[in-house]
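This report refers to the structure that appears directly beneath it.
The values are calculated or read from the model by the stated rules, or taken from the named source; none is laboratory data. Everything numeric in this text was worked out from a predicted model, so none of it was measured. Glycine also receives a Cβ, built like all others from the backbone with ideal geometry; neighbour counts cover every protein chain displayed. For accessibility, only protein heavy atoms count, side chains too; no ligands or nucleic acids. Shrake-Rupley method; radii C 1.70, N 1.55, O 1.52, S 1.80 Å.
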Amino acid sequence: KQYIAAVLNYASGASAPPSVIEAIDDAAEFFASGTTPASCGPGQCQQQIALAGILDAYNNGVYPGAPGPCPD
């Protein structure tokens, strides 16, 4: 869900630092490979967990160099 939100945020015009764009691209590559998070065994998919953390921080406006959160 973090990937989808990040792609939509970026596509709608939110700025993103290069590291976030790289995380979006890496996540897209993972999904295009046909591997699913459900197929990861214990201790696997650590890179994908890290990507989700980056994208979560971006989506919530707390990633360094990304736009801040929207006011409620």
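Points to keep in mind about this one:
- Distance (nanometres) between label positions extended 7 Å along Cα→Cβ at residue 12 and residue 70: 0.4 nm
- Within the accessible area of the chain (1.4 Å probe), percent carbon and sulfur: 60 percent
- The structure shown yields P(r) over Cα pairs in 10 Å bins from 0, in percent, and of the options (i) 22, 61, 16, 0; (ii) 20, 52, 22, 6; (iii) 15, 35, 21, 15, 12, 1 that calculated value carries the label (ii).
- Scanning the chain for cysteines with no neighbouring cysteine C-beta under 4.7 angstrom from their C-beta gives 70.
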